[in-house]
Amino acid sequence: MKQHPDRDDLLTRDETAVALTAAGYPIRSATLGSKVTRGGGPPFRRFGSRSLYRWGDAIDWAEGRMVQQPRNHTTEAAALLEKQNAPEDRAA
């Protein structure tokens with residue numbers, strides 16, 4: 001069984017992508033690179049021209065993106081959203 005990095009380990013972009021994928025969160029290094037410039041990715045630090053990711057921050061970011069409720073099919077999300085946005089019945 002492959003061991004994950006310690007939470008305080010600093011990983012390069014490629015190492016972070018490999019570690020997240022091994023942890024069950026498939027992501028490419030190029031996607032992380034895109035998120036560095038556009039935002040929306042895990043927190044990172046700069047060391048010269050390299051982006052370094054603290055493993056704890058990266059795994060927390062990935063876990064935070066996970067949909068919380070298991071679904072049986074893709075339309076469940078749309079139905080839930082529609083129900084949440086439906087106007088309430090109001091008696092006049």
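Every read-out reported here was derived from the displayed coordinates using simple, explicitly stated rules and does not represent laboratory data. The shown structure was predicted, so the numbers you read here are calculated from the model rather than taken from an experiment. So basically every Cβ, Gly included, is an ideal-geometry build from the backbone, and we count neighbours across all protein chains shown.
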*Provide the per-residue ³J(HN,Hα) series for region 43-53, in order, calculated from phi with Karplus coefficients 6.51, -1.76, 1.60 and θ = phi - 60°, each as a whole number of Hz, with x at glycine and proline positions.*
x, 9, 10, 9, 10, x, 9, 9, 8, 10, 10
*What's the exposure ranking of Asp14, Asp9, going from fewest to most Cβ atoms within 10 Å?*
Asp14, Asp9
_Separation in nanometres of the label points that stand 7 Å from Cα toward Cβ, at Ser29 and Ser49_ = 1.4
*Give a quick list of trypsin sites (Lys or Arg not before Pro) in region 22-69 that DSSP marks as loop, anything other than H, G, I, E or B, with at most 10 other Cβ atoms within 10 Å.*
none
